[in-house]
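Peer 1: Below is a structure I'd like to ask you about.
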Amino acid sequence: MDAAATTTTTASRVRAVAGGVLRYPRSTPSPTYGFLKPFSVRSDALHLSSRALSSLSAKGRRFYTCRALYNPEVQIKEEGRPETLDYRVFFVDHSGKKVSPWHDVPLQLGDGVYNFIVEVSKESSAKMEVATDEPFTPIKQDTKKGKLCYYPYNINWNYGLLPQTWEDPSFANNEVYGAFGDNDPVDVVEIGERRGEIGEILKINPLGALAMIDEGELDWKIVAISLDDPTASLVNDIDDVEKHFPGTLTAIRDWFKDYKIPDGKPANKFGIGNKAANKDYALKVIKETNESWVKLVKRSIPANDLCLVYTQERGKNILIGYVFTKLHIFHSFVCAQGASI
């Protein structure tokens, strides 16, 4: 290969994140209460005092805070060549600044819609994952003893993470044999027909949850479907999956149960009766792991080797707050002064 070809091959490649979940133009107006949309907003146009925050909390509403992108137009930037040790998939904003797929992409879009980031494309075997210990947590191929990791066979679904979630390794889940969290974001198995690309953000509907226990650690698998899938309107809970995707839940469980056996390791186990829990339980898992993530980024829980670096604009942390009530969902953006975490 000549030098020009090598330069072309190894050069960083930038492409837009598909899915459309974070691509509203700057001119998009604020959403009305009860219907939540992402939109762009100037950081200096927002300021909510601590008194105002206290007032919100005092009215009996539960106030959640999590990071949101300053500009919700996201691209990915590939550095290095795929299937090499230095290959990384970074997320960048409109100005080219790196952002974190784990910390900066919002978990929820409202109305029961969640963001899902593809790490492993359907029908592929390279073990890609967010590098939780590297600045801006890019997606990379996992390694073991300096060698790239591959699954023993292709995974049959899109696989990745829910941003702004974290399975706390200090928390013992008494509903799943007292297993502790695996110290990673929550995993998603997306069962739609289309093959997602690495770094793509899909809008999903969570349908159920499998409680996998991997070498003693709890590793949740949220079963979900992309809202762009032709069958998305037909499935809204775990029973619908069996009806419209017969055999899929068993196939997912068996795939994750057995994939380590070729490496000489024992089969993984599953809690909750060895079955997939329903949608309500999955939402409970998502809520609890999002709360754990909030504690993590606030340093209420030791981060240890995890990287909590994310985007800042003009020295301010841009926060997005979701306020949940029994009758409707509305949101407010918060611009909070203070040191970075």
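The values are calculated or read from the model by the stated rules, or taken from the named source; none is laboratory data. What you see is a predicted model, and the numbers here were worked out from it, not measured in a lab. With ideal geometry, Cβ positions are generated from the backbone for all residues, glycine too; neighbour counts draw on all protein chains shown. Keep in mind that these areas ignore ligands, DNA and RNA; they rest on the heavy atoms of the full protein, side chains included. Shrake-Rupley method; radii C 1.70, N 1.55, O 1.52, S 1.80 Å.
Peer 1: What are the pairs, 6+ residues apart or on separate chains, where a residue within segment 138-152 that is open to solvent by 50 Å² or more (accessible area, probe 1.4 Å) has its Cβ under 7 Å from a residue that is at pLDDT 95 or above and among the hydrophobic types (A, V, I, L, M, F, W, C)?
Peer 2: Listed by first residue and then by second, the contacts come to THR143/LEU85; THR143/CYS149; TYR150/ALA126.
Peer 1: Can you pull out every residue in segment 93-137 that is more than 15 Å from LEU162 (Cα to Cα), in contact (Cβ under 8 Å) with a residue 60 or more places away in the chain and open to solvent by 20 Å² or more (accessible area, probe 1.4 Å)?
Peer 2: LYS97, LYS98, ASP111, LYS122, GLU123, ASP133, GLU134, PRO135, PHE136
Peer 1: Still on this structure, I have one more. Only residues that are touching a residue at least 60 places away in the same chain (Cβ under 8 Å) and open to solvent by 20 Å² or more (accessible area, probe 1.4 Å): list them for segment 169-193, please.
Peer 2: SER170, PHE171, GLU175, TYR177, ASN183
Peer 1: Need the failing condition index for LEU218 against (1) more than 20 Å from VAL186 (Cβ to Cβ); (2) surrounded by 16 or more Cβ atoms within 10 Å (Cβ to Cβ), just the number.
Peer 2: (1)
Peer 1: Same structure again: Check ILE198, ILE204, ILE213, ILE225 and return the single one that is assigned to a strand (DSSP E or B), surrounded by fewer than 22 Cβ atoms within 10 Å (Cβ to Cβ) and modelled with pLDDT of 95 or more.
Peer 2: It is ILE213.
Peer 1: PRO135: farther than 21 Å from PHE270 by Cα and either in contact with a Lys or Arg (Cβ under 6 Å, 6 or more places away or on another chain) or not small (Gly, Ala, Ser) (or both), yes or no?
Peer 2: yes
Peer 1: crowded, with 17+ Cβ neighbours inside 10 Å and not aliphatic (A, V, I, L, M): is that true of ASN156 in this structure?
Peer 2: In short, no.
Peer 1: Right, next: Among the residues in segment 232-239, are any surrounded by fewer than 20 Cβ atoms within 10 Å (Cβ to Cβ), modelled with pLDDT of 95 or more, among the aliphatic types (A, V, I, L, M) and touching a helix residue (DSSP H, G or I) at 6+ places or on another chain (Cβ under 6 Å)? Spell out the reasoning first.
Peer 2: To start, the set of residues in segment 232-239 that are surrounded by fewer than 20 Cβ atoms within 10 Å (Cβ to Cβ) comprises 232-234, 236-237, 239.
Imposing the further condition that a residue be modelled with pLDDT of 95 or more reduces the set to 232-234, 236-237, 239.
Subsequent filtering for residues that are among the aliphatic types (A, V, I, L, M) retains 232, 234.
Okay, now just the ones that are also touching a helix residue (DSSP H, G or I) at 6+ places or on another chain (Cβ under 6 Å), so 234.
Within segment 232-239, one or more residues are surrounded by fewer than 20 Cβ atoms within 10 Å (Cβ to Cβ), modelled with pLDDT of 95 or more, among the aliphatic types (A, V, I, L, M) and touching a helix residue (DSSP H, G or I) at 6+ places or on another chain (Cβ under 6 Å).
Peer 1: Right, here's the next one. Across segment 240-254, which residue is modelled with the lowest pLDDT among those that are under 17 Å from GLY273 (Cβ atoms) and open to solvent by 40 Å² or more (accessible area, probe 1.4 Å)?
Peer 2: Residue satisfying both the conditions and the ranking: GLU242.
Peer 1: For segment 237-284, which positions are in contact with a Leu (Cβ under 7 Å, 6 or more places away or on another chain) and assigned to a loop (DSSP other than H, G, I, E, B)?
Peer 2: Selection gives ASP237, ALA276.
Peer 1: Moving on to the next point. If THR289 meets every condition in (1) open to solvent by 30 Å² or more (accessible area, probe 1.4 Å); (2) modelled with pLDDT of 95 or more apart from one, which number is that one?
Peer 2: Among (1) open to solvent by 30 Å² or more (accessible area, probe 1.4 Å); (2) modelled with pLDDT of 95 or more, THR289 violates only (1).
Peer 1: Still on this structure, please answer the following. All but one of (1) under 20 Å from the mean Cα position of the chain (by Cα); (2) open to solvent by 10 Å² or more (accessible area, probe 1.4 Å) hold for LEU161, so report the exception by its number.
Peer 2: (2)
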